[in-house]
1. To the nearest 10 degrees, how steep is helix 233-249 against the longest Cα principal axis of the chain, on a 0 to 90 scale?
2. Using only alpha-carbon positions, what ratio does the radius of gyration of the range 3-71 give when scaled by 2.2 N^0.38 Å?
3. Only Cα pairs within less than 10 Å get springs; with that Gaussian network setup on the chain, which residue of 40, 253, 295 has the largest fluctuation?
4. Once you've got the GNM for the chain with C-alpha springs shorter than 10 Å, pick whichever of 249, 48, 91 has the biggest mean-square fluctuation.
5. Does the range 115-252 classify as rounded, prolate or oblate by the C-alpha gyration tensor (a ≥ b ≥ c root eigenvalues; a/c under 1.5 gives rounded; else a/b over b/c gives prolate, otherwise oblate)?
6. Multiplying the sequence separation of residue 297 and residue 36 by 0.36 nm and subtracting their Cα-Cα distance, what value in nm do you get?
7. How would 303, 206 line up from fewest to most surrounding beta-carbon atoms within 10 angstrom?
8. I'd like the orientation of helix 266-276 relative to the chain: the angle between its Cα long axis and the longest Cα principal axis, in ° from 0 to 90, rounded to 10.
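Just so it is clear, none of the values below were taken in a lab; they were calculated from the coordinates. Small disclaimer: the values here were computed from a predicted structure and weren't measured. Cβ coordinates were reconstructed from backbone atoms using ideal geometry, including for glycine residues, and neighbour counts include every protein chain displayed.
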């Protein structure tokens with residue numbers, strides 16, 4: 001019954017007998033307990049080690065039993081302390097297991113992607129991310145004019161982020177300069193500390209926040225279908241490098257895109273590149289954000305300057321002359 005306190009069954013029997021007959025020696029205890037002499041002596045040694053027996057001042061050479069209120073209570077307190085310590089160790093182990101599990105989960109999540117279905121889910125997630133942005137928000141914007149509802153949703157969030165010291169850099173297509181509302185929003189962003197540059201063709205729509213999370217459209221041809229939230233370090237590194245490449249090639253809003261030494265503007269070079277890749281007028285127009293008629297007019301002008309009889313020949317001559 002008291003084995004949980006470190007007391008064997010034989011020792012407990014001898015202890016109980018000693019409490020009733022404290023003056024009796026080994027021989028008498030053998031008779032009372034029914035144990036042999038060797039078992040009694042072993043039990044007495046065990047009781048002495050547990051401080052349940054002490055030398056008797058009254059009976060020389062004998063051991064007196066310590067009262068249960070003192071001896072067994074001390075053993076109980078010791079057992080309870082051991083249990084408490086063990087519980088503390090288990091709690092520590094549980095916390096360590098939870099930390100390891102969380103770390104493992106984070107590691108797996110860092111390489112995973114989450115689908116955000118629909119424009120509402122994307123905007124809700126962007127609101128969450130922008131409110132917790134710490135230092136940087138980068139974006140590539142291949143679309144045309146910004147929708148009024150999108151501007152109204154983004155303006156207060158961008159203003160809050162800029163007040164917190166967040167760097168906002170955006171790259172848009174050159175053609176967006178033709179939309180008065182979007183141009184006004186760009187000027188507002190710049191006046192409040194944001195930065196915006198334009199390039200003829202933006203390769204993909206994306207937003208990268210604090211270099212730890214990125215949003216990419218599920219369907220590039222229809223961004224309103226939703227987005228993919230990526231957290232993979234490798235993907236983020238590639239997207240950040242792509243942004244910096246576009247940024248370095250861009251022109252600040254308020255400045256006119258400069259022509260090169262051949263008198264070729266960035267949009268014209270981009271058009272020549274698209275034509276060289278086999279794009280039709282309609283496809284080139286979508287990439288540049290202009291009308292097919294504008295593409296046809298620009299292409300006719302380029303063919304005349306290159307003295308080319310066809311679009312294909314214009315591309316070949318442009319490469320030969322170093323325009324591309």
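1. For helix 233-249, the angle is close to 30 degrees.
2. Values: Rg = 10.9 Å, N = 69, 2.2 N^0.38 = 11.0 Å.
The reported ratio for this selection is 0.99.
3. 40
4. Looking only at 249, 48, 91, the biggest GNM fluctuation is shown by 48.
5. Rounded, since a/c falls under 1.5.
6. Working: separation 261, 0.36 × 261 = 93.96 nm, distance 11.74 nm.
The residue 297-residue 36 span can extend by a further 82.2 nm.
7. Details: 303 18, 206 23.
Lowest to highest Cβ neighbour count: 303, 206.
8. On a 0 to 90 degree scale, this one is about 90.
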